[in-house]
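A.B. asks: I'd like to ask you about the structure that follows.
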Amino acid sequence: MDEAQQRPDLPATSLASSSAGRVSGKAWKHRKSATVRSHIPDGVKTKSWEDRMQKTQKEKAVKQLQAELSEEKRAEKARRREITLERKKAAEERRRLEEEKAKMGARKAARLRRKAGRTKKISH
C-alpha cells in the first residue's frame with residue numbers, strides 16, 4: 001500500500017505528465033527572445049528603402065569624387081615626372097652636343113695644324 005493511503009493526513013501526490021513519471025525540463029530552459037542587433041550597421045537599421053537608397057547614392061557620389069581627386073593627383077604627379085624627364089633629356093642632349101662640338105673643334109684644329117705643316121715633331 002501507498003504511504004498516502006496508510007496516512008490520511010498527507011495529500012495525494014499527482015502523477016507526472018509523462019508516462020514514465022518524468023517531467024520535461026523544457027520549462028527550465030532559457031526562454032527565447034528577440035535578438036539584440038546592435039552590431040548591424042545603421043544603413044541596414046533604417047526603416048525606409050528610399051532612405052537607404054539615398055544614403056547609398058551619397059556614398060557612391062563621395063567615392064566617385066574621391067576617385068576623381070586621386071586620379072587628378074596621380075595625373076599631376078605623372079605630368080611633373082614627365083616634365084622633369086624632358087628637362088633631364090634636354091640637358092643631357094645639350095651636354096652631348098657641347099662635347100661633340102668640342103671634339104669637332106679639336107679635330108678641325110688638328111686638321112688646320114696639319115695643313116699648316118705643324119706637327120708634334122716640328123712646331124714653327
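A.B. asks: Report, in debye and to the nearest 20, how large the dipole of region 50-116 comes out about its Cα centre when Lys and Arg carry +1 and Asp and Glu carry -1 on their Cβ. Don't skip to the end; give the middle numbers.
C.D. replies: Values: 25 positive and 14 negative charges, 232 e Å.
The calculation lands at about 1120 debye.
A.B. asks: Which value in nm describes the separation of the simple spin-label points at S70 and K108, placed 7 Å from the Cα toward the beta carbon?
C.D. replies: 5.8
A.B. asks: Same structure again: Which shape class, rounded, prolate or oblate, goes with region 50-116 when its Cα gyration tensor gives a ≥ b ≥ c as root eigenvalues, a/c under 1.5 marks rounded, and past that a/b bigger than b/c marks prolate? The partial results should precede the final answer.
C.D. replies: Numbers: a/c = 17.34, a/b = 13.02, b/c = 1.33.
It is prolate, given that a/c is not under 1.5 and a/b is the larger ratio.
A.B. asks: Moving to a separate point now. Extension gain R22-S38, at 0.36 nm per residue separation less the Cα-Cα distance, in nm? Numbers along the way, then the final one.
C.D. replies: On the way: separation 16, 0.36 × 16 = 5.76 nm, distance 4.04 nm.
Here the answer is 1.7 nm.
A.B. asks: Near R80, within a Cβ-to-Cβ distance under 14 Å, what is the net charge of the other residues, with Lys and Arg +1 and Asp and Glu -1? Display every interim value, and only then the final one.
C.D. replies: Numbers: positive: K73, R74, K77, R79, R81, R87, K88; negative: E72, E76, E82, E86.
Around R80, the surrounding residues sum to +3.
A.B. asks: What is the gain in length, in nm to one decimal, between E93 and A61 on full extension, counting 0.36 nm per residue of separation less the C-alpha to C-alpha distance? Can you show the working numbers first?
C.D. replies: Working: separation 32, 0.36 × 32 = 11.52 nm, distance 4.73 nm.
In short, 6.8 nm is gained.
A.B. asks: Still on this structure, please answer the following. Kindly report, to the nearest 10 Å², the accessible surface of K108 as traced by a 1.4 Å probe over protein heavy atoms only.
C.D. replies: That residue has around 120 Å² of solvent-accessible surface.
A.B. asks: Under 12 Å from the Cβ of G105, count the other residues' Cβ atoms, weight Lys and Arg +1, Asp and Glu -1, and hand me the total.
C.D. replies: Spelling it out: positives minus negatives among the neighbours equals +2.
The values are calculated or read from the model by the stated rules, or taken from the named source; none is laboratory data. Just so we're clear, the structure is a prediction, and the values are computed from it rather than from any experiment. All Cβ positions, even for glycine, are placed from backbone atoms using ideal geometry, and neighbour counts span all protein chains on display. Each accessible area value is taken on the protein alone, full model and side chains, heavy atoms only, with ligands, DNA and RNA left out. Shrake-Rupley method; radii C 1.70, N 1.55, O 1.52, S 1.80 Å.
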